[in-house]
Amino acid sequence: MSASQAVLLGGVFNTALFVFHVFFWRLFNWPGDLGSVSFINRAVMQILNVCLMFVFGIFAYISFFHADEMLGTTLGRVLLVLIAAFWFLRALLQIVFFGLKRPVSIAFFMVFMTGAVLYAWPAYHASGLT
């Protein structure tokens, strides 16, 4: 797989996470479950989810439409590293908050590590260190 293909797959990956987050209200019964938390916490959870969806949309957009710039410019390579760091952090937070005792938690950890690799590998490749 080429670095360009990895970036494009990263776009597909982020699009999939965007869609997954669209369904959080239904998947996690937020209309019912969030009714038991304070107004502030209910609002914060939903706002953070929408903002996270926006971030995934940005990641997908730049991956689909600016892959060459991401691989060929300093700013692009910095973005690759930062997106990889975002997904690596999310993988680490999976361990901190959910542990790795249940198969679903391990699966999510692997999904998030996949996101990290989809951006770290092309960043490394584009850096000229290969």
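What follows is calculated from the coordinates using simple rules that are stated; it is not laboratory data. Quick caveat, the model's predicted, so the values are computed rather than measured. So basically every Cβ, Gly included, is an ideal-geometry build from the backbone, and we count neighbours across all protein chains shown.
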(message) Compute the helix-to-body angle for 103-126: its Cα long axis versus the longest principal axis of the chain, expressed 0 to 90° and rounded to tens.
(response) 30
(request) Compute the FRET efficiency between Val12 and Leu92 as 1/(1 + (r/R0)^6), taking r as their Cβ-Cβ distance and R0 = 30 Å, and round to the nearest 0.05. (result) 0.80
(message) Using only Cα atoms and rounding to the nearest 10 degrees, what angle (0 to 90) does helix 74-98 make with the longest principal axis of the chain?
(response) 40
(request) Please report the relative contact order for region 3-126, taking Cα pairs under 8 Å with a sequence separation of at least 6, and give it as a percent rounded to a whole number. (result) 37
(message) Test of the criteria: in region 3-92, which chymotrypsin sites (Phe, Trp or Tyr not before Pro) are in a DSSP loop and have at most 15 other Cβ atoms within 10 angstrom of their Cβ?
(response) Phe23, Phe28
(request) With the cut-off at 15 Å, report for region 33-93 the share of all Cα pairs above it, as a whole percent. (result) 63
(request) Counting helices only, and only those DSSP H runs with n ≥ 4, report the 222 nm mean residue ellipticity of the chain as the sum of -39,500 (n - 2.57) divided by its residues, in deg cm²/dmol to the nearest 500. (result) -28000 deg cm²/dmol
(message) Taking R0 as 41 Å, what FRET efficiency do you get between Val44 and Thr74 from their Cβ-Cβ distance, rounded to the nearest 0.05?
(response) 0.70
(request) State, to one decimal in nm, how far the label point of Trp30 lies from the label point of Ser2, with both points 7 Å from Cα in the Cβ direction. (result) 3.9
(request) For the chain, find the longest principal axis of its Cα atoms and tell me its angle to the long axis of helix 39-65, 0 to 90°, nearest 10. (result) 20
(message) Within 13 Å, Cβ to Cβ, of Gly76, how many net charges do the neighbouring residues add up to if Lys/Arg are +1 and Asp/Glu are -1?
(response) -1
(request) Please give the net charge around Leu34, taking every other residue with its beta carbon less than 15 angstrom from that of Leu34, where Lys and Arg add +1 and Asp and Glu add -1. (result) +1
(request) Enter the per residue convex hull volume of region 3-126, computed from alpha-carbon coordinates, in Å³ rounded to the nearest integer. (result) 106
